[in-house]
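Each remark here refers to the structure printed beneath this line.
Please treat every number below as a calculation from the coordinates, not as lab data. Remember, predicted model here, so these are calculated numbers, not experimental data. Every residue, glycine among them, receives a Cβ derived from its backbone with ideal geometry; neighbour counts consider all protein chains shown.
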Amino acid sequence: MRSSSGVFRTKSIEQSIKDTEEPEHRLKKSLSALDLTVFGVGVIIGSGIFVLTGTAAKDYAGPAVTISFIVAGIVCALAALCYAEFASTVPVAGSAYTFSYASLGELPAWIIGWDLVLELALGAATVAVGWSGYAQSLLDTWGIPLPAALQGPGGDGGGFSFNIAAFLLICVVTAILVIGMKLSAYVTSVVVAIKVFVVLIVIAVGAFFIKGSNYDPFVPEAKSPEGGSGLDATLLEGIFGYTPTVYGVMGIFTAAAVVFFAYIGFDVVATAAEETVDPKRDVPRGILGSLAICTTLYVAVALVVTGMQKYSELSSDAPLADAFKAVDQPFWAGLISFGAIVGLTTVCMILLLGQSRVFFAMSRDGLLPRVFSEVHPRFRTPYRSTIILGLASALLAGFVSLDELATLVNIGTLFAFVVVSLGVIILRRTRPDLPRGFRAPFVPVLPVVSVAASVWLMLNLSVETWLRFAIWMALGIVIYAVYGRKHSRLGAGQLPEQRT
């Protein structure tokens, strides 16, 4: 029978795949499993491994932050298995948006697409601002500091200030993305090789400076911190009056909620499924391979850094570099700072890649103006959506201090995890006949556990974050009601609905 009508109409998998062959909307297939794995490693290893290690160890778990990275990796693996099944079944640009359209319906698909646009735009802008901070520090070291008016909000000059370094970074990576995916893959491969080399240096060199006494106690004694108040309180505190424990066994799980965000990005691999030569085989390998590599590196780095310096003395801003300074190794500290600059470059590029592909997919379905889904006649990339979204992210990075807005990236990603996990269960029931290049194990138990884990982490975000997220979602629903629903190709009968 036909699927639900109206806003819950679903687009058939077959039609989603057929749409990828339209000449004016066809993307070039050039990526391999290695390319996808490199993309995944490139976006995951970024500010998380260079910053969150110190914060989580110092404030929540002590040396046991090593276990926290393992816990967070397991939570991400649950969602990754669901992403891998969907991406191998529906190898179409758009990731969670496309998956939702096939399983949950048009309105849920629009909501998740709108959510992803926010997540990736703010993510790219936030990373660019972080990159700018490292770059400006390096310029200061060389004796050529930027004028205060070009340092961006929060600079020393006060008054009006534009972050020229962050703006130019996004402009450059946007140009690379327009020129082509293979060039993007080549650039990313080189940069990721440098970044992973620096991480391996941290592990190999840092191991010689480990002191066993720094691991004592490995799990510090538990204590209850002061809870937040008002909009700063977590949703759990606001509803149930529950305050997470720091240190101790529960502190390990609290830290896992913090370092979880160091893994954000593996889902971006799924957005490149349409540009992959053999998506049914290579996309699952890219997703799971990159996650496995990064989890191993994260655990090793956490173990080394907490062994080099007492957890209570770790820096929250640059724990890796400062740990080497603490043992009188300024050369290695400088090299690590350089690695951070290089690493954040690829994170920014791949977040912009994912954002443009989601926007492209929504436009191709008519939910956004179709002009945004036209591809470049030579490069075969969605150049209009890439340029427009790149410029918007560049302006955000240039004019806005995104420290407080960065948590929106977290809630957006977790929301996508929930939707994709639910979608796997639904599509298994409605379309058991579909050929699946990869099948997630233990369905429906695994997706249900993935939903529960993601929701738990969402509840640990602040009330203010939830309110901002709700406002953005409300704006998206208004746009859908005014434009998307009326111009939907599925609603206009231009596409067949899913049959169940």
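General observations
- Relative to the 2.2 N^0.38 Å rule of thumb, segment 315-445 has a C-alpha radius of gyration ratio of 1.49.
- Full-stretch length increase - Ile179, Ala481 - with 0.36 nm per residue and alpha-carbon distance subtracted: 105.3 nm
- Angle of helix 463-479 to the longest C-alpha principal axis of the chain, folded into 0 to 90 degrees and rounded to 10: 20°.
- Computed from Cα atoms, the angle from the helix 279-308 axis to the main principal axis of the chain rounds to 10 degrees.
- Stretchable slack from Val455 to Asp278, in nm (0.36 nm times residue separation minus alpha-carbon distance): 60.4 nm
- Each residue of segment 361-366 was assigned a 3J(HN,Hα) from its phi angle through the Karplus expression (A = 6.51, B = -1.76, C = 1.60, θ = phi - 60°), giving 5, 5, 5, 5, 7, x Hz with x at Gly and Pro.
- Values of log10 I(q)/I(0), in the order q = 0.14, 0.20, 0.21 Å⁻¹, for segment 242-374 under a Debye, Cα-only, solvent-free model: -0.87, -1.23, -1.28
- Taken along its three principal axes, the alpha carbon spread of segment 52-157 comes to 55, 37, 20 Å, from the longest extent down to the shortest.
- Förster radius 30 Å - calculated FRET efficiency between Lys29 and Phe197, Cβ distance, rounded to 0.05: 0.50
- Greater than 19 Å apart at Cα, pairs in Lys195/Lys310; Lys58/Lys211; Lys28/Lys195; Lys195/Lys280; Lys58/Lys223; Lys58/Lys195: Lys195/Lys310; Lys28/Lys195; Lys195/Lys280; Lys58/Lys195
- Val445-Glu21 pseudo-label distance in nm [points 7 Å out on the Cα-to-Cβ vector]: 4.1
- Kirkwood analysis of segment 440-484, using all unique Cα-Cα pairs, places the hydrodynamic radius at 12.8 Å.
- Sites Leu138 and Ser224, calculated FRET efficiency, Cβ-Cβ separation with R0 45 Å, nearest 0.05: 0.65
- Normalised contact order of the chain, rounded percent, pairs of Cα under 8 Å and 6 or more residues apart: 35
- Label separation (Lys211 vs His376): 5.4 nm, computed from points 7 Å beyond Cα along the C-beta direction.
- Kirkwood Rh in Å, taken over segment 258-297 so that all alpha-carbon pairs contribute: 10.8
- Debye log10 I(q)/I(0) at q = 0.07, 0.10, 0.12 Å⁻¹ for the chain, Cα point scatterers: -0.36, -0.75, -1.08
- Protection-proxy order for peptides 442-451, 162-171, each taking the mean of Cβ atoms within 10 Å per residue, highest first: 162-171, 442-451
- Under 5 Å from the amide H of Leu31 lie the amide H atoms of Thr276, Val277, each residue being 5 or more positions distant or on a separate chain, with H modelled from the backbone and absent for Pro and chain starts.
- Angle between the chain longest axis and helix 33-44 axis [Cα atoms, degrees, rounded to 10]: 50
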